[in-house]
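**Q** My structure is below; once you've seen it, I'll send some questions.
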Amino acid sequence: MLLPGCASVLRKTPRMFNVCPACGVYAAEKAIDPAGPFAVCPTCGYRHPFHRLPLFVVTGASGAGKSTVCLTLPERLPECVTLEMDILWRPEFNRPDDDYRAFRDVWLRIAKNVGQSGRPVVLGGSAVPGQFERCSEARYFAAIYYLALVCDDETLAARLRARPAWRESAGDDFVGRMLAFNGWLKENATTSASPARPQLDLLDTTSLSPIETVERVATWVRGCAGATNSVR
């Protein structure tokens, strides 16, 4: 039984809009008309209205603070839905040869459908600019913003080695890989976006408390959301 008012919402808001409500054909690669915005069915031409919202990606090496942010951010940023990508990680997604394309596609599809509630999504997890943009589902978002949590090497190594043993993060090989990723993010940060190189902002968490980090992330999200709204 639907709650009062839900029927009208379901009629207006797309639920699974890879399936055309007019002809029933499934198609992920619909043409996007930003004027609506509309997702245009390639079979029957039906123009499906949807919420085209920004997507926010909070990335970083293990130990930089992503998990803490994902746990606490919902309280500080209730206008968004915060999700940690690792909750859906499975061995079959471990495909560096194609840049983890299937994993990125799954999360874009989830974020796209969650966004039809009118609330944009913040994804926490290891990712780099360009990985999401190569997926067809990326066209459903008004913009994709990246924020990398970084810290100095000594702090990162100490955080990893202080974790419980079950996390297996204290080994030299794992620590070395995380330090390399942390360094890559610092070296590849950008202050402006282009089609060839999406913007990557940095937040140094070395001397920040967990709550300070969360507050800075919330401020960043709201700033990016405001920038998206201003260009519509």
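No lab work stands behind these numbers, since they all come straight from the coordinates. Given the structure is predicted, the values throughout are model-derived calculations rather than measurements. Here the Cβ is made from the backbone with ideal geometry for all residues, glycine too, and neighbour counts use every protein chain on show.
**Q** For the chain, what is the charge dipole size about the Cα centre, in debye to the nearest 20, if Lys and Arg each add +1 at the Cβ and Asp and Glu each add -1 at the Cβ? Show your work: numbers first, answer last.
**A** Working: 27 positive and 24 negative charges, 216 e Å.
It works out to roughly 1040 debye.
**Q** Another one. Lys and Arg at +1, Asp and Glu at -1: add these up for the other residues within a Cβ distance under 11 Å of THR219 and post the number. Spell out each step's value before the answer.
**A** Numbers: positive: ARG76, ARG216, ARG222; negative: GLU212, GLU215.
Net charge in that neighbourhood comes out at +1.
**Q** Another one. Mind checking the full-extension length gain between ARG119 and ASP172? Use 0.36 nm per residue of separation minus the Cα-Cα distance, one decimal, nm. Can you show the working numbers first?
**A** On the way: separation 53, 0.36 × 53 = 19.08 nm, distance 4.08 nm.
Extra length available between ARG119 and ASP172 comes to 15.0 nm.
**Q** Continuing with this model, one more query. If packing is taken as the average number of other Cβ atoms within 10 Å across a peptide's residues, how do 172-182, 55-65 rank, most packed first? Don't skip to the end; give the middle numbers.
**A** Values: 172-182: 15.5, 55-65: 24.8.
Going by the mean number of other Cβ atoms within 10 Å, highest first, we get 55-65, 172-182.
**Q** Could I ask something else about it? May I ask for the distance between the Cα centers of segment 138-178 and segment 43-76, given as a whole number of Å?
**A** Their Cα centres are 18 Å away from one another.
**Q** What number, rounded to the nearest 500 deg cm²/dmol, is the helix-based mean residue ellipticity at 222 nm of the chain, given -39500 (n - 2.57) per DSSP H run of at least four residues and division by all its residues?
**A** -10500 deg cm²/dmol
**Q** When you count, for each residue, the other Cβ atoms within 10 Å and take the mean per peptide, how do 132-143, 32-43 rank with the highest first?
**A** Values: 132-143: 18.6, 32-43: 15.2.
The most tightly packed comes first, giving 132-143, 32-43.
**Q** Projected onto the charge dipole of the chain (+1 at Lys/Arg Cβ, -1 at Asp/Glu Cβ, origin at the Cα centre), which of VAL217, LEU185, THR206 gives the Cα projection farthest towards the positive end?
**A** VAL217
**Q** For ALA31, put the label point 7 Å out on the Cα→Cβ axis and report which residues of segment 107-146 keep their amide N under 17 Å from it.
**A** 139-140
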